[in-house]
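Report on the structure given below.
The values are calculated or read from the model by the stated rules, or taken from the named source; none is laboratory data. Being a predicted model, the structure only gives us computed values, none of them experimental. Ideal geometry is used to build each Cβ from the backbone, glycine not excepted, and the neighbour counts take in all protein chains shown. We work out accessible area using only protein heavy atoms, side chains counted, and drop any ligands, DNA or RNA first. Shrake-Rupley method; radii C 1.70, N 1.55, O 1.52, S 1.80 Å.
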Amino acid sequence: MNKILRVDTRTGNIRFVKPTEEEMHEGGRSFIANHLMREVDPGCDPLGRKNHLIIATGLLGDTNLTTAGRLSIGGKSPLTGGVKESNVGGLVGRRMGRMGIKAVILEDVPESSKCYVLVVKNDSAVLVEKPELKWMEASPTIKVLKEEYGEKVGVLCIGPAGEYKLGAAVVATTDHTGLQLRTAGRGGLGAVMGAKGVKAVVFDDAGAKPDTLADPEAFKAAVREVAAIIKADPKTDNRHEFGTPAVLGTCNAIGILPTRNFSSGSFELADEINGDKVAELIVSRGGEGKRGLPCVMGCMIQCSNIFPDPEGKAHVASLQYENIALLGSNCGIGDIDEIAILNDLANEVGIDAIDGGAAVGIAMEAGLLEFGDSEGAKDLLRQVGQGTPFGRIIGSGAVATGKVLGITRIPATKGQAMPAYDPRSLKGIGVTYAMSPMGADHTAGNTLETVKYLDPRGTEGQVAISYRLQVRGALLDSFGVCLFLRPAFVKDPELAARLLNARYGWTLTYRDVQKMFIDCLNVEREFNEKAGIDSNKCDIPEFMREEPLPPFNTVFDVSKAEMDAIWDVKIQEDIF
């Protein structure tokens, strides 16, 4: 990948530049972290002139490695006030990779409120004013742009929430079939894109000539080894058959399923919304429903789905565990069809289903509507798209909603709502929520995979395992691959260096690669500290340290002193 596209949204100046040697060794999340540190004032207004929106391909994003092509979108977050990278599947990552584009950087903000589309071709780019797209929802926006620019183009866009510059706004895209609406959901980066006046970015890779591999045979061998490890992993078949909703039953059993604004870790209607139920209805209803779909071309895990209504028409694609939990059990809603409609509404208006679901749960706790009121929840999400005063509050995320409504039980860290794993009974992820530069983000270091060998309700070993998983997460996000590829790098850590060396002709060792992603975390921490986020002051919400969580009546009791020492964890050979 030999070029970076820089777009000044105030002047309209657009130019391709050659990456520096330093930038060539960065990709996805690591590119975002280092770019922010090099060029963005940590104290800047996230929606102001000095922030950048960065769209970055992973270091292996232009290859045929399974799951490669996931895309990183980043900038200074309106929610956390610090560094943020949000990862998404779909078509754009591969299109950018084929075009040799390492990153697209949107700079400054326009002088007037207009609606632009950035159209990127192989060797050119132009900002086109499209007032007819203003306030349009995500799917219609993508449909209009594909009709104009071709079905094969990749599209990123924001919904009304992004144009309103709401703190929980997402950036949306589709898979290669155009059926799945995927979102880079965390951190409010859709609001940053909206502040730049850019409704959408279109990538047309017609005529592109992809870079050649430095050592094709070595790369093929490494890719085959990754594929063999993933195929042999028993979780692969499970994810293919049931998707990410497969973990809902496990999370309910170990008491970490968010229920009624994180007041319980188990839900009495869990069997009505779990992976078995989702898979059963997809099969029995037929029609447009499908399971075992990839979110990026060439993925062998294929954990996505199209969830149909009772008549077989698509409700939403894809229905994922975190969204089911935050919009479902967290709101006391046990009807999977109602949850699917809520998920679709969130996607279309352009709000994060996690932060949006948490905000609706807080509104329920405040008495604005009853837990279980799916019609009321739908109304709140529709109001986000309409830009009503209360819709803008919900669209600003859980923390803003809690503050406005006077609710102190806000399940969030660093301004960002927690995903669907209550840290009182999965304490390692609580360490991640509190200490990760990304805030409450399960993809930054999810310790659910450790419950087979580490007591999730115990405190021993939780800090060390969170650190290990945070480094591994930084690697995967920077490679441009799915988090579900981690078993390959656990079994054979040398694969990480082999893949990079064969792709670029480098001579990295395992230790070199390890250091790259430890350094990535350290750069993110440094940016946050300069932005005023002192990691020594970051913690789990007070109510989670004091309020026992049913059914096991646990509190989060990993001491702050233990968590503060996370960055002193000794480097281990098996850190990945």
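In table form, for the structure just shown:
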read-out	value
Positive minus negative residues near Asp62 (Lys, Arg vs Asp, Glu; Cβ under 9 Å)	+2
Size of electric dipole in the chain: Cβ of Lys, Arg +1 and of Asp, Glu -1, about Cα centre, debye, nearest 20	1300
Over the range 12-151 - Rg/Rh using Cα atoms and the Kirkwood inverse-distance radius	0.95
Pairs of alpha carbons in the range 151-253 whose separation is greater than 25 Å (percent)	53
Surrounding net charge for Gly255, when Lys and Arg each add one and Asp and Glu each subtract one, Cβ distance under 10 Å	+1
Rounded accessible area per residue of the range 328-378, 1.4 Å, Å²	22
When the convex hull of its Cα atoms is projected in every direction, mean area for the chain (nm²)	22.5
Viscosity 1.002 mPa s, temperature 20 °C, Stokes-Einstein D of the range 63-121 from Kirkwood C-alpha radius, µm²/s	155
Neighbour net charge for Asp215 - beta-carbon separation under 12 angstrom, K R +1, D E -1	+2
Kirkwood Rh and Cα Rg combined as Rg over Rh, evaluated for the range 397-499	1.04
Ranked order, Arg503, Arg285, Arg224, Arg38 - accessible area, probe 1.4 Å, largest first	Arg224, Arg38, Arg285, Arg503
Coarse-grained scattering of the range 441-521 at q = 0.10 Å⁻¹, given as base-10 log I(q)/I(0) from a Debye sum over alpha-carbon atoms	-0.26
Violating pairs (Cα-Cα greater than 31 angstrom) within the set Lys146/Lys491; Lys146/Lys414; Lys121/Lys196; Lys209/Lys530; Lys102/Lys427	Lys146/Lys491; Lys146/Lys414; Lys209/Lys530; Lys102/Lys427
Ordering of 330-338, 428-436, 370-378 by packing [mean C-beta count within 10 Å, highest first]	428-436, 330-338, 370-378
Cα-based convex hull, the range 418-576, per residue volume (Å³, whole number)	116
